[in-house]
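See structure below.
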Amino acid sequence: MTYLPGENRYQGMLYNRCGRSGVQLPAISLGLWHNFGGIDIYENSRSMVLRAFDLGITHFDLANNYGPPSGSAEQTFGRILRDDLKAYRDELIISTKAGYYMWPGPYGDGGSRKYLLASLDQSLRRMGLEYVDIFYSHRYDPKTPIEETMAALDQAVKQGKALYAGISSYDVEETAKAASILRNMGTSCLIHQPKYNMLERWIEDGLQDLLEQEGVGSIVFCPLAQGLLTNRYLKGIPGDSRAARTGGFLKANDVTQDLVEKLNELGAIALDRGQSLAQMAVAWVLRGGKVTSALIGASKTSQIEDNVRALANLQFSDEELARIDGILLG
Ligand SMILES: NC(=O)c1ccc[n+]([C@@H]2O[C@H](COP(=O)([O-])OP(=O)(O)OC[C@H]3O[C@@H](n4cnc5c(N)ncnc54)[C@H](OP(=O)(O)O)[C@@H]3O)[C@@H](O)[C@H]2O)c1
């Protein structure tokens, strides 16, 4: 059936400026790491992307290797673009990345110019796009001079194959170097994509201050710790959950008794705030306005709807923050 986006799609979303750039990103973006691959049900993947767009989520995050199999999430997204979202390309921010293993031999992994630029061409073909909005170095490669990796991002932008450059999971020192090299080439670093959630807070230790100084935005991945920071695992491991699937990074034995007790305590705070645990986890990464966007994943449209409702309460009292810290750090 022909898709027509919701007319009110821009009314319920919050848009945050990405660093010192002209771009605004939705406070909640959707990532296609899991549940959009060739092994997944196309109709469900399509429904999630379209529901997200209806809710004002204008940013979709991909990478060359998302699937499985690798590349297939970009194919799925390309099909949705072609069939449903073609007319709305200019309302979308689409990102992709290269940096992890993608093809055999010496040129399908890492941070070389050879790999990044060939991979970007492949991503554009899979998605049927002329350009992506953001092209990322997916991870720092210590074996490639950082100048070469940044020159590849700069070239992608200057060729018009990407509008902006980004880096993912670079530490503080690597980020400072990357931002300075890019600036000297005349292509500023738009955005950093680090992991951040209530259970993993490393970016508070210097990275956030650096990004602020440099005018670089941030989009944080795994704000729900892959689903741990939700009600998903409070009563065991559901058969349709990520922890029950084989081959992923979240393992059943990550769901420890100790963690479940803490999640229940966090759930009580969420309840007091009128939120689900997932909503509180999303609100928590966005608190104080330091993070541009929370990059969620989902396996069902209802999860996206639940998470977007987090925007109704992004304020935390000092007491709530102290209670959360007491549970997780105390
Ligand atoms: N740059 C990088 O190196 C990197 C690495 C990882 C991820 N990422 C990006 O970040 C995106 C998000 O990562 P992620 O999927 O791990 O994020 P996440 O938001 O932490 O976890 C998503 C999972 O949480 C569960 N979930 C979501 N909303 C829920 C709700 N309201 N109630 C109950 N459960 C809920 C679902 O699990 P079930 O599937 O069990 O239902 C969903 O698949 C990726 O798609 C990718 O774009 C980037």
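The values are calculated or read from the model by the stated rules, or taken from the named source; none is laboratory data. If you're wondering where the values come from, they're calculated on a predicted model, not measured in any experiment. So basically every Cβ, Gly included, is an ideal-geometry build from the backbone, and we count neighbours across all protein chains shown.
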Next on the checklist: I'd like the residue in the stretch 310-323 that is under 15 Å from P223 (Cα atoms) and assigned to a helix (DSSP H, G or I) and, out of all such residues, is nearest to the ligand (Cβ to nearest atom).
Outcome noted: A310
Checklist entry - Say we look at the stretch 194-238 and pick out the residues that are among the β-branched types (V, I, T) and assigned to a loop (DSSP other than H, G, I, E, B); which of these is farthest from R20 (Cα to Cα)? => result I237
Checklist entry - surrounded by fewer than 21 Cβ atoms within 10 Å (Cβ to Cβ) and within 19 Å of Q208 (Cα to Cα): does that describe L329? => result no
Checklist entry - A225 passes all but one of (1) in contact (Cβ under 8 Å) with a residue 24 or more places away in the chain; (2) on the phi > 0 side of the Ramachandran plot; (3) more than 9 Å from the ligand (Cβ to nearest atom); which number fails? => result (3)
Checklist entry - Got a sec? Which of G12, G19, G6 is touching an Asp or Glu at 6+ places or on another chain (Cβ under 6 Å) and either in contact (Cβ under 8 Å) with a residue 24 or more places away in the chain or within 23 Å of V282 (Cβ to Cβ) (or both)? => result G6
Checklist outcome for this item: Screening Y10, Y42, Y15 for residues that are within 18 Å of the chain's Cα centre (by Cα), at pLDDT 95 or above and away from the ligand (no atom under 16 Å from the Cβ) leaves only Y15
Next on the checklist: Please pick out the residue among G248, G239 that is touching a helix residue (DSSP H, G or I) at 6+ places or on another chain (Cβ under 6 Å) and either under 24 Å from R287 (Cα atoms) or within 11 Å of the ligand (Cβ to nearest atom) (or both).
Outcome noted: G248
Item to check | Residues of the stretch 141-162 classified as within 30 Å of L81 (Cβ to Cβ) and either touching a His at 6+ places or on another chain (Cβ under 9 Å) or without any contact (Cβ under 8 Å) to a residue 40 or more places away in the chain (or both), total | outcome: 9
Checklist entry - Is there a residue in the stretch 288-305 that is surrounded by fewer than 19 Cβ atoms within 10 Å (Cβ to Cβ), more than 10 Å from the ligand (Cβ to nearest atom) and β-branched (V, I, T)? => result yes
Item to check | Every residue from the stretch 147-186 that is hydrophobic (A, V, I, L, M, F, W, C) and over 23 Å from the mean Cα position of the chain (by Cα) | outcome: A151, I181, M185
Checklist entry - From the list D171, D205, D121, which residue is acidic (D, E), closer than 26 Å to L328 by Cα and more than 16 Å from the ligand (Cβ to nearest atom)? => result D205
Next on the checklist: So in the stretch 223-243, with the set limited to residues that are under 22 Å from L30 (Cβ atoms) and among the hydrophobic types (A, V, I, L, M, F, W, C), which one is surrounded by the most Cβ atoms within 10 Å (Cβ to Cβ)?
Outcome noted: L229
Checklist entry - Any idea which of G227, G215, G236, G247 is within 17 Å of the chain's Cα centre (by Cα) and among the small types (G, A, S)? => result G227
Checklist outcome for this item: Of those in the stretch 45-78 that are β-branched (V, I, T) and assigned to a helix (DSSP H, G or I), the residue surrounded by the most Cβ atoms within 10 Å (Cβ to Cβ) is T76
